[in-house]
1. In region B:58-101, which residues are without any contact (Cβ under 8 Å) to a residue 12 or more places away in the chain and either more than 29 Å from A:Gly452 (Cα to Cα) or part of a helix (DSSP H, G or I) (or both)?
2. Could you check region B:131-182 and list, in sequence order, the residues that are over 25 Å from B:Leu21 (Cβ atoms) and either among the small types (Gly, Ala, Ser) or within 15 Å of the chain's Cα centre (by Cα) (or both)?
3. Mind listing whichever residues of region A:349-372 are among the small types (Gly, Ala, Ser) and assigned to a helix (DSSP H, G or I)?
4. Regarding A:Gly301, is this residue within 13 Å of chain B (Cβ to nearest Cβ) and part of a helix (DSSP H, G or I)?
5. When only residues in region B:100-112 that are among the polar types (S, T, N, Q) and touching a Phe, Trp or Tyr at 6+ places or on another chain (Cβ under 9 Å) count, which is farthest from B:Glu474 (Cα to Cα)?
6. In this structure, does B:Ser135 turn out to be more than 10 Å from every other protein chain (Cβ to nearest Cβ) and either buried (at least 24 other Cβ atoms within 10 Å of the Cβ) or part of a helix (DSSP H, G or I) (or both)?
7. Please work out which one of (1) within 13 Å of chain A (Cβ to nearest Cβ); (2) surrounded by fewer than 24 Cβ atoms within 10 Å (Cβ to Cβ); (3) polar (S, T, N, Q) is the condition B:Asn113 fails and give its number.
8. With B:Leu209, B:Leu195 as the choices, which residue is within 27 Å of B:Leu252 (Cα to Cα) and either among the basic types (Lys, Arg) or away from every other protein chain (no Cβ under 12 Å) (or both)?
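The values are calculated or read from the model by the stated rules, or taken from the named source; none is laboratory data. Everything numeric here is computed off the predicted structure, so don't read it as measured data. Cβ: placed from backbone, ideal geometry, glycine included. Neighbour counts: every protein chain shown.
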Amino acid sequence: MNYDWIIGLKSELFTTLIIVVLLLIKLGKGMRNGSLLQITQLLLLVNLALAFGWNGNGYLFGNMFQASQLFGFEKAILIAGVYLLILVNHQWLEKQEHLPEFLVLMLSALLGMQTMISSGNFLMLYLSLELATIPVAAMANFDLDKKRSSEAAMKMILSSALSSGILLMGISLLYGATGTISFEALPQALKADNGLHLLSLVMIFAAFAFKLSAVPFHLWTADVYEGSPMPVTAFLSVVSKGAVAFVLTSTFYRAFQPMFETWYQLLAIIGLITIIIGNLFAIRQDNIKRMLAFSSIAQVGFVLIGISANSPAGLASVIYFVLIYVFSNIAAFGVAAVIAAQTGSEQISDYKGLYANNKLLTWIMALALFSLAGIPPTAGFFGKFFLLTAGAVRADFWLVIIAALNMMVSLYYYLRVVRNMFNTETAQPTIAIPVTVKLGLYLCVAGILITGIAGWIYDYIAMLNR
Amino acid sequence: MLSATNIALIPLLPLLGFVLLSLFGKQLKPFAGVLATVLILVSAVLTGGAAWTYFFANGRVNDVYQTIIPLNIEWLRFNDQLSIQMGLLLDPISVMMLVVVTLISLMVHIYSNSYMHGEKRFATYFAYLQLFTFSMLGLVLATNIFQTYFFWELVGVSSFLLIGYYYDKPSAVAASKKAFIVTRFADLGFLIGILVLSFYGGSLDFQTLIQQLTTPHTPALDAANKASFLGVSALTWGLSLVFIGGAGKSALFPLHIWLPDAMEGPTPVSALIHAATMVVAGVYLVARLFPIYAISAPELLAAIGWVGAISAVIAALIACTQTDIKRVLAYSTMSQIGYMMFALGVSGYGGEAGLGFTASMFHLFTHALFKALLFLGAGAVIHAVHSNEMHDMGGLRKQMPITHISFLIACLAIAGVPPLSGFFSKEEILLAAYQNNTPIYWIALITSGLTAFYMFRLYFRIFWNKPHTGHAHEASAIMWLPLVLLAVGAAFAGLIPFGELVSSDGKALHSELHLSFSIAPVALGVFGILIAAWLYGKQNAKPASIQSSLGGLFQAVYHKLYIDELYLFLTKSVVFALIAKPAAWIDQHIINAAVNGSASITQKISSNIKTWQSGKVQEYGLYFLGGVIGLAVLVLYIW
């Protein structure tokens, strides 16, 4: 008997196992929230190791599912993201009455993302995408006593239904026009000048752009991010976006390779618009959650520019950027969560005078924001530099110049938070940081500092890709 | 002495200091200053050994100074063609800069032990100082342009921390923010310039880049010359953008506005950052890429020369009107950097034509000594009278004799009085300008007269003018020791046969003094000093009456030619009106309307379901479909 499928599916199987364990605990006597979180963290660490190591290359289920070292690494980034999120949002999670359900939902979404990354076929991709979306909508509803939260969930489910419809339509068109929806077979069947093929490309791209909240498919983002609880917003803007960026890359680089000229232009234009609009919106935000959420739209624009390179270097720099982005953004969200848990405020103006009694929190936040803004020597700079270098390979300097100018614009709103924190006119009281949260923040800081300077990390990603 | 370990230790020791002081600052607080000073001292000794070996033993092969790379490890590998190294590069200019940076940093460290004594964040101060020194040394030793950029930014960040050291002082915070933002704009140009140069040169490595972009008719050079953007060749774009980066750090007109405000930092910091090291990074950068500028883009180099000359004269004019002594010194620095920059601008590559290059580096060296001395002396004065303003000073020569004499030596040096160091380097610059670009020569000559005037205006107002009434007394020995050492340097550094050591192509350049040529600048300098003595030697009404007779002209110069106001107008009225207002409109009318709309309806209508049916989600759907259709039309019919 052949047990290869266990190797290929190990990480997905383990995620399922965690879900089952959590369900059993829920059905049984139940458990204190603290212990439950500890068990989940431990199991996620095991899963991280599983996703990271012992990866082979191969196909399962008639090419529906593809395993490779690269995919393993991408999954590991997402699992690490979920792990860090659970750490830094410890305070909020511990207070939840329905914690097991929340964790099950989050892990189901993670499972969906994992299979999405490994999908070798559009049908598989569609199924996984739904699995990665619907539980998140339920998570968005978790502030049960707030109407905003329910509204966010409802809006999210309705909008994603629409995008799923468009995606399915695109896939159907593709199947109708070429007779196949397998990533392996599509490059031979697709033609760069066939109208039907182009239309399906646009539709499938639109669905991805919706998930990434690229402009003009981003309108749902404002309400959903605002209304959802902070951990869910972080999950949406960090883990979900990372997963979709990976999938977009592998879909375009493999299935749609013959239509490169078209999607290059799509990515370049949508990428630029997204960066500009995302930044312009982020400038105006006074709520830290909304500011981070809108700035994540701008960050996605940079990712699109990187993807447009259509080269191994492009792929590697996208993965590298997402890795860095996970560390930086979760650190920022984490600090915001700690502050919100203590003071109940998410307003940037309420950060005034934070430095006086909370030096650690302030420096972590400043570091995270510097990384997001792409200032050396933080990792964020290397991430953006590589994305732009990849994007510049076609010598489209307009693209690079506008993108680089926007790094300046983003500096404006990131620095505003920093300036508020270092304000000395008022002084915030000391904010207690639980040990778990501290651990999560330290891990993020280590990531922000090491990922950029340690050259072998990028090397490793590029090697996986070869 | 030139082994990789020895050279690597030079920047790594301050890094060690930074790590120790930032991790164990509380425990180490009483020893923070000593620890940091000792580390820098070791660094400086290593540098001294390396410089001696390089210049007088191993550096020269067949009478040409070689570029030695003791260490170059692959750091980040982008793809097979492009990888980024982290390494150590030794050539005449980097060794010379190493000497400058470690020497001045050592002096500032010693001085700070007394100057910052009793500060609450004593250890933090030294941690930042060590970080800055490390970054600056890393920048100097960089083997490739990316490494330069990396340390360039690190220098920026650490100077940002140092300028804002008194973070509870709003003006210090504002100044550090201004410095950060202005240099960020310039650095953005640098970054794009790096992308352009590396794209065409196919490498980030300095040696490869220079070789690729200076050898005639290599494919790289041809491609860079042929590709154009807005009618200017890609090579010129790349080099200009890199220069803009340098101009931002070096506070050249019109990117100089951050430098005077940056004087909010502690005074020793100004001596280190704003006199000797960071602000000359731009000059160093152009010198580093000098062959490319001189051989492949001579027109651009000429333009750089003009930028330098204009900065020199404008800053000198403004310096004549300021009353804050640190600001006078800040504008004087800007003016002297302008000198260095136009010296590069009028220079050619190789042989006799490279006189400007040598002169520029020579002036960088001597200026570091006398300007650091001036800042440290000013620090001692400020320490004694607790004010930056000239009118609180006067007559201090009796109370502070050591400071007085060393300050006088520095003033004579910067005014170009023979035989002090500034005379030699300035003569070389003027000679280079005279030979290559007469208009710049005249500007430089006038500026040197102005320099003598404003420096001695400063000197007389601090040490003479009126009898001193307060209780000021001489600085402690720890503070005057660096002053004396630097004064010795400022007096005699001009006797170094600099042309033998540093030249554009590594071959010795024999420069001689032409006595007849020196008459004009020296006479002008002495004239400037005499006018200053006449106006400010004793308290009198002449300066005030001259001010009022100049009227609007004086006011315009006093207000720094309204350049800050111009920037303010541009950012507030133009940029904000064009970008932020439309953005605000979109935000208010689309995003806020969406959010508020749903919120207000929630209040009005009790049923939740009705909220979701408020039409907004349909609207999102409409946009979504509109986007899909728009893209489809674009893809199917337009492309």
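1. Matches in region B:58-101: B:Arg60, B:Val61, B:Asn62.
2. Correct list: B:Thr148, B:Tyr149, B:Ser171, B:Ala174, B:Lys178, B:Ile181, B:Val182.
3. A:Ser349, A:Ala366, A:Ala368, A:Ser371
4. No; evaluated as a whole, the condition is false for this residue.
5. It comes out as B:Ser105.
6. Criteria not met by B:Ser135.
7. (1)
8. B:Leu209
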